[in-house]
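Single-structure report; data block below.
The values are calculated or read from the model by the stated rules, or taken from the named source; none is laboratory data. As the structure is a prediction and not an experimental result, all values here were calculated from the model. Don't worry about glycine lacking a Cβ; one is built from the backbone with ideal geometry, like all the others, and counts go over all protein chains shown. All accessible areas refer to the heavy atoms of the entire protein, side chains included, with ligands and DNA or RNA removed. Shrake-Rupley method; radii C 1.70, N 1.55, O 1.52, S 1.80 Å.
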Amino acid sequence: MSTVEAGLAALTAVLAEGGVEGAGREAAMLLAHVLDLPRDRLALSRGEVLDDGALAQAMALAARRAAGEPMSHLRGWREFWGRRFAVDARVLDPRPETEVLIAAALEEPFADVLDLGSGSGCILLTLLAEREAARGVGTDVSGAALEVARANAAALGLVGRAGFIETDWWAGLRGRFDLIVSNPPYIALAEMEGLQRELSHEPRMALTDEGDGLSAYRAIAAGLGDRLAPGGRVLVEIGPSQSAAVSALFAAAGLGEIRVLPDLDGRDRVVAARG
Ligand SMILES: C[S@@+](CC[C@H](N)C(=O)[O-])C[C@H]1O[C@@H](n2cnc3c(N)ncnc32)[C@H](O)[C@@H]1O
């Protein structure tokens, strides 16, 4: 028998040994998950006895985390804009930086939203949950990712307003949308090797275009003329070095009011434009 405090120390050591940043915080997340307790409740229980089985379960998860598996896969969910999204190896683990795009999208009203490369559905479903009169479509070339997105739509009670289509960017889409959003794969092939350990648990097609990191933006820019409603907005997430190139693609596609928005670390993160 151990105490919660001793268990947290043991878990923290395993995570720190594996090079996990914020090992103490993540140890608490894992133990709270195993004990099915909110994290603040765990903080109040530090002196309490910790069951051997629970500690063994948490230690096994800590070993997987130390080997690079994302926390979201261990818990089966990730919080995004205050809601839980089911996440597994079929989809990109939603990132906090993507909330910059959500905040910008919510600055103005919209009725019909298209999310290109919807992955877990975190962008589309958040926007629909925040705007009860809006409808939307999410597309992905990965049928496996769409299964996760559809399950998230059901869990959030959004099935009636969210449709999902398996397609390659614009193929087969019809109609016009007053808001088009995308967080496409933007890591250049040359950068992938250095990120191997961190990203090896996520679908490669969610991360890289196997080229210069800009081919998804080229494809997206090429289709906007047919699908963006007059005066409608486009918002895309970008890698920090891509703002000039993506702004130029949008300008060449005839868009105006092009803005680059930073994330909380001050890095360029979103390009916004108007049709
Ligand atoms: C960076 S992930 C973003 C997922 C989700 N929107 C998010 O923000 O967490 C990019 C997504 O684009 C999808 N994708 C890649 N190539 C695509 C293509 N040619 N057409 C449509 N979707 C594509 C991937 O399968 C992946 O789900």
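What strands (runs of 3 or more DSSP E), lying completely within segment 48-124, carry at least 2 residues that are over 20 Å from GLU147 (Cβ atoms) and touching a strand residue (DSSP E or B) at 6+ places or on another chain (Cβ under 6 Å)?
Qualifying strands (runs of 3 or more DSSP E): 112-116.
Just for segment 125-158: of the residues that are outside any helix (DSSP H, G or I) and near the ligand (Cβ under 7 Å from one of its atoms), which one is surrounded by the most Cβ atoms within 10 Å (Cβ to Cβ)?
Just the residues of segment 125-158 that are outside any helix (DSSP H, G or I), to begin with: 131-142, 156-158.
With the extra rule that they be near the ligand (Cβ under 7 Å from one of its atoms), the set shrinks to 139-142.
Numbers: THR139: 24, ASP140: 26, VAL141: 16, SER142: 18.
Once the filter is applied, the top-ranked residue is ASP140.
I need the full set of residues from segment 91-101 which are within 9 Å of the ligand (Cβ to nearest atom) and open to solvent by 30 Å² or more (accessible area, probe 1.4 Å), in order please.
First pass over segment 91-101, keeping only residues within 9 Å of the ligand (Cβ to nearest atom): 91-95, 98, 101.
The answer is LEU92, ARG95.
Only one of these is closer than 19 Å to ARG84 by Cα and among the hydrophobic types (A, V, I, L, M, F, W, C): LEU156, LEU116. Name it.
Working: LEU116 fails: closer than 19 Å to ARG84 by Cα.
Exactly one of LEU156, LEU116 is closer than 19 Å to ARG84 by Cα and among the hydrophobic types (A, V, I, L, M, F, W, C), namely LEU156.
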Unique residue being modelled with pLDDT of 95 or more and closer than 19 Å to ALA86 by Cα when the list is GLY175, GLY138: GLY138
Test ARG204 against the criterion of being within 12 Å of the ligand (Cβ to nearest atom), open to solvent by 20 Å² or more (accessible area, probe 1.4 Å) and farther than 26 Å from ALA252 by Cβ, and give yes or no. yes
Conditions first: (1) touching a Gly at 6+ places or on another chain (Cβ under 7 Å); (2) within 9 Å of the ligand (Cβ to nearest atom). PHE164 passes all but one, so which condition is the exception? (2)
Name the residue, out of ASP40, ASP52, that is farther than 29 Å from THR126 by Cα and outside the structural domain of HIS201 (by TED's automatic domain parsing). ASP52
Number of positions in segment 107-124 that are under 16 Å from ASN183 (Cα atoms) and open to solvent by 20 Å² or more (accessible area, probe 1.4 Å): 1
Would you mind stating whether ARG176 is within 13 Å of the ligand (Cβ to nearest atom) and in contact with a helix residue (DSSP H, G or I) (Cβ under 7 Å, 6 or more places away or on another chain)? no
